[in-house]
Amino acid sequence: MKKFQVALLYSMFANAPQEAADEDTPWDKWNELDSEGSVAGYERALREMGHDVIPLEGDHTLIANLQKYKPDICFNTCEGHRGRSREAQVPAILDMLGIPYTGSGVMSLAIALDKAMTKRVLQFYSIPTPAFQVFVTGNEPTDPRLNFPLFAKPSLEGSGIGIMAKSICRTPRELREQVRYLLHAYKQPVLVEEFIEGREITTGIVGNLMPRGSWIKEKKRLEAERALQAQSVSANLEPASGNGHSANGKKAPVREYYYSGVRVLPPLEIDFSPLKDTAPLYGSEIKHNNPWGPKYLCPAPLSAKLTSQIGRWTVATFRALECFDFARVDYRIRESDNLPMVIEINPLAGLTEGLSDIVIEANAAGISYSELINMILETALRRYGMLDD
Ligand SMILES: Nc1ncnc2c1ncn2[C@@H]1O[C@H](COP(=O)(O)OP(=O)(O)O)[C@@H](O)[C@H]1O
Ligand SMILES: [Mg+2]
């Protein structure tokens, strides 16, 4: 592939603003930010493909640095620090300067970071998501149509921030206390949803939906590309079923799903059964302190029907939010009727080598870490018409 000058943009934990913390500041406030190790991983992966990489912090120094280095494209991983739409800030700057970048644009990132707004969009498209209400003062009467237990979380966060055992509220009193705590500690609206008892699944997607005609060309390109990959796993170029497990329990080859230009990675199940003393929630406690506590099953041992249903909802959610290049959609499968419900979409999903969910999913599909990072870059380059074929 052609070589490019790639500016790698990040929001590093070590560079987080030194705001005065008091005893009310929650311990997980900066958990979205990248470690030095994660950033080094992105850089290595991009360099492996021969690109020139310019690592830059996505803060107030960014505009001057971009004008100095003049990259061809930016690999954007910036979570931002402040403001309701912090993940959309760097893309807004890049749009303003006319510099191409990987991943979703301003509108999708702003909506996806607002979980309640995302759910309104999902409802418009009839994509199943738990019933909900937003609290901004803590004194609002609870919508009588919501059935306990309810689940309370900050509406504008990610990475499990503000998710804890007390998020599960079994009584109006527990709900009132948790909503007031979250409002006070995280200083943003609180999203209250029906608590979905059931299996935890997350599914990554890479690519961009294409108009019908161009799909034929893309299909041929993908076929040719895969024919070249001696180590390729069995692939299916149409939406298809397959759960990765055969009837006798032996692992079957991983099936992949392609929908007109996007590739749905095998779903990952987070199995909390090994954890005895931690609530079965994919929150800060597990993501940050005990990532190897749960079991990660990929491909998730789901029926063919559920796997393809989740694949279709993932594409539908990606399309509803008008995302670009890659994303990850989180689900709970409601135990009572086996319905997968979308909890949220992460257009800026974590990409830490060996650890992040989408990286585990790519690995299960035979895609190495460096290949995944470069697939995302290539998808963006193609979207901008910067590659010849
Ligand atoms: N309505 C819900 N019912 C059951 N569990 C939930 C619900 N909402 C969130 N969770 C749990 O909390 C975790 C984090 O919630 P999520 O909305 O995905 O926030 P984050 O952006 O921090 O990942 C989920 O992966 C799930 O384990
Ligand atoms: Mg999530």
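Restricting attention to the stretch 159-168, the residues being near ligand 1 (Cβ under 6 Å from one of its atoms), on the phi < 0 side of the Ramachandran plot and open to solvent by 10 Å² or more (accessible area, probe 1.4 Å) number 1. State yes or no: is Arg173 surrounded by fewer than 19 Cβ atoms within 10 Å (Cβ to Cβ) and either within 14 Å of ligand 1 (Cβ to nearest atom) or not assigned by TED's automatic domain parsing to the domain that holds Asp28 (or both)? Against the criterion (surrounded by fewer than 19 Cβ atoms within 10 Å (Cβ to Cβ) and either within 14 Å of ligand 1 (Cβ to nearest atom) or not assigned by TED's automatic domain parsing to the domain that holds Asp28 (or both)), Arg173 qualifies. The single condition among (1) in the same structural domain as Lys29 (by TED's automatic domain parsing); (2) more than 21 Å from the chain's Cα centre (by Cα) that Ala92 does not meet is (2). Among the criteria (1) over 16 Å from the mean Cα position of the chain (by Cα); (2) on the phi > 0 side of the Ramachandran plot; (3) open to solvent by 50 Å² or more (accessible area, probe 1.4 Å), the one Pro301 does not fulfil is (2). Quick one: would you say Met210 is at pLDDT below 95 and within 11 Å of ligand 1 (Cβ to nearest atom)? So Met210 does not fit the description; no.
Conditions tested, residue by residue: (1) more than 17 Å from Ser159 (Cβ to Cβ); (2) of a type outside the set (D, E, K, R).
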{"position": "Trp30", "(1), (2)": "no, yes"}
{"position": "Gly37", "(1), (2)": "no, yes"}
{"position": "Ala40", "(1), (2)": "yes, yes"}
{"position": "Met49", "(1), (2)": "yes, yes"}
{"position": "Glu57", "(1), (2)": "yes, no"}
{"position": "Phe75", "(1), (2)": "yes, yes"}
{"position": "Pro91", "(1), (2)": "yes, yes"}
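Flag: Gly366 does not match the condition of being within 16 Å of ligand 1 (Cβ to nearest atom) and either small (Gly, Ala, Ser) or open to solvent by less than 10 Å² (accessible area, probe 1.4 Å) (or both). Pairs linking a residue in the stretch 373-387 that is over 19 Å from Ser356 (Cβ atoms) to a residue that is open to solvent by 10 Å² or more (accessible area, probe 1.4 Å), with Cβ atoms under 6 Å and 6 or more positions apart or on different chains, are Leu381/Leu387; Arg383/Asn208; Tyr384/Pro100.
Restricting attention to the stretch 98-126, the residues being buried (at least 16 other Cβ atoms within 10 Å of the Cβ) and at pLDDT below 95 number 0.
Could you grab me the full set of residues in the stretch 315-352 that are in a strand (DSSP E or B), away from ligand 1 (no atom under 12 Å from the Cβ) and surrounded by 24 or more Cβ atoms within 10 Å (Cβ to Cβ)? Answer for the stretch 315-352, where residues must be in a strand (DSSP E or B), away from ligand 1 (no atom under 12 Å from the Cβ) and surrounded by 24 or more Cβ atoms within 10 Å (Cβ to Cβ): Phe326, Ala327, Pro340.
Selection of the stretch 238-289 for residues being open to solvent by 50 Å² or more (accessible area, probe 1.4 Å), more than 16 Å from ligand 2 (Cβ to nearest atom) and modelled with pLDDT of 60 or more yields Ser273, Pro274, Lys276, Asp277, Asn289. Consider the stretch 184-195 and keep the residues that are modelled with pLDDT of 95 or more and under 16 Å from Asp114 (Cβ atoms). The one that is most open to solvent (accessible area, probe 1.4 Å) is Pro189. Starting from residues that are among the basic types (Lys, Arg) and within 13 Å of Ala110 (Cβ to Cβ), keep the ones in the stretch 71-97 and report whichever is most open to solvent (accessible area, probe 1.4 Å). For the stretch 71-97, the residue satisfying everything is Arg84. On inspection, Val359 passes the criterion of being farther than 23 Å from Ser85 by Cα, without any contact (Cβ under 8 Å) to a residue 24 or more places away in the chain and crowded, with 19+ Cβ neighbours inside 10 Å.
The values are calculated or read from the model by the stated rules, or taken from the named source; none is laboratory data. Note that the structure is predicted; figures quoted are calculated from it, not measured. Ideal geometry is used to build each Cβ from the backbone, glycine not excepted, and the neighbour counts take in all protein chains shown. Accessible surface is based on the protein model in full, side chains and every heavy atom, while ligands, DNA and RNA are left aside. Shrake-Rupley method; radii C 1.70, N 1.55, O 1.52, S 1.80 Å.
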